[in-house]
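The values are calculated or read from the model by the stated rules, or taken from the named source; none is laboratory data. Keep in mind the model is a prediction, meaning the values are calculated, not measured. For neighbour counting, all protein chains shown are included, and Cβ atoms are generated from backbone atoms with ideal geometry for every residue, glycine included. In case anyone asks, the SASA skips ligands and DNA or RNA and just uses the protein heavy atoms, side chains included. Shrake-Rupley method; radii C 1.70, N 1.55, O 1.52, S 1.80 Å.
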Amino acid sequence: MEKIKFNDWKKLDLRVGQIKEVKKHPNADKLILLKVDIGDKEINLVAGIKQYYNENDLIGKKVIVFVNLESAVFRGIKSEGMILAAIDQENDIVSLLQPDSDVSNGARIQ
């Protein structure tokens with residue numbers, strides 16, 4: 001495993017976000033579109049979690065968001081960051097990372 005320096009870790013902008021809206025991706029079966037409140041604004045994310053989560057169960061959920069990740073386009077839709085999840089490929093489980101108390105949207109992960 002490659003080690004990174006602490007100063008590299010400090011460059012990551014990880015924040016608590018709250019999922020406000022969920023839509024089906026018009027061009028992909030495994031992707032969904034999320035609108036996430038990260039405190040000072042709402043951002044749009046494309047996530048490959050459709051087969052693991054019911055869309056209605058995601059609304060209101062607090063998640064951890066990688067905010068300063070370079071934007072990417074997935075099947076024609078721009079994603080402005082990434083939600084973090086634990087992935088257990090052996091057991092086909094995806095689990096979104098969540099704070100264990102009701103911290104404010106936009107709270108920084110340190």
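Taking the residues in segment 32-44 that are open to solvent by 40 Å² or more (accessible area, probe 1.4 Å) and within 12 Å of the chain's Cα centre (by Cα) as candidates, determine which candidate is nearest to D102 (Cα to Cα). Among those that are open to solvent by 40 Å² or more (accessible area, probe 1.4 Å) and within 12 Å of the chain's Cα centre (by Cα), it is K35.
As a summary of the residue check, L58 satisfies the conditions (1) among the aliphatic types (A, V, I, L, M); (2) more than 12 Å from the chain's Cα centre (by Cα); (3) at pLDDT 95 or above except for the one numbered (2).
Might you check whether a residue that is under 20 Å from Q110 (Cα atoms) and either out of contact with any Ser or Thr (no Cβ under 7 Å at 6 or more places or on another chain) or open to solvent by less than 40 Å² (accessible area, probe 1.4 Å) (or both) occurs anywhere in segment 45-63? The answer is yes, given that some residue of segment 45-63 is under 20 Å from Q110 (Cα atoms) and either out of contact with any Ser or Thr (no Cβ under 7 Å at 6 or more places or on another chain) or open to solvent by less than 40 Å² (accessible area, probe 1.4 Å) (or both). Being on the phi > 0 side of the Ramachandran plot and free of Cβ contacts under 8 Å to residues at least 60 places away in the same chain is the filter here, so list the residues in segment 2-40 that pass it. Once the filter is applied, which keeps residues that are on the phi > 0 side of the Ramachandran plot and free of Cβ contacts under 8 Å to residues at least 60 places away in the same chain, segment 2-40 yields nothing. Just for segment 9-31: of the residues that are over 17 Å from L97 (Cβ atoms) and outside any loop (DSSP other than H, G, I, E, B), which one is most open to solvent (accessible area, probe 1.4 Å)? Filtering first and then ranking leaves K24.
For (1) closer than 18 Å to D13 by Cβ; (2) among the aromatic types (F, W, Y); (3) outside any helix (DSSP H, G or I), each residue gets a yes or a no:
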site	(1), (2), (3)
K35	no, no, yes
G39	yes, no, yes
N44	yes, no, yes
N56	no, no, no
I64	yes, no, yes
E90	no, no, no
S95	no, no, yes
V103	yes, no, yes
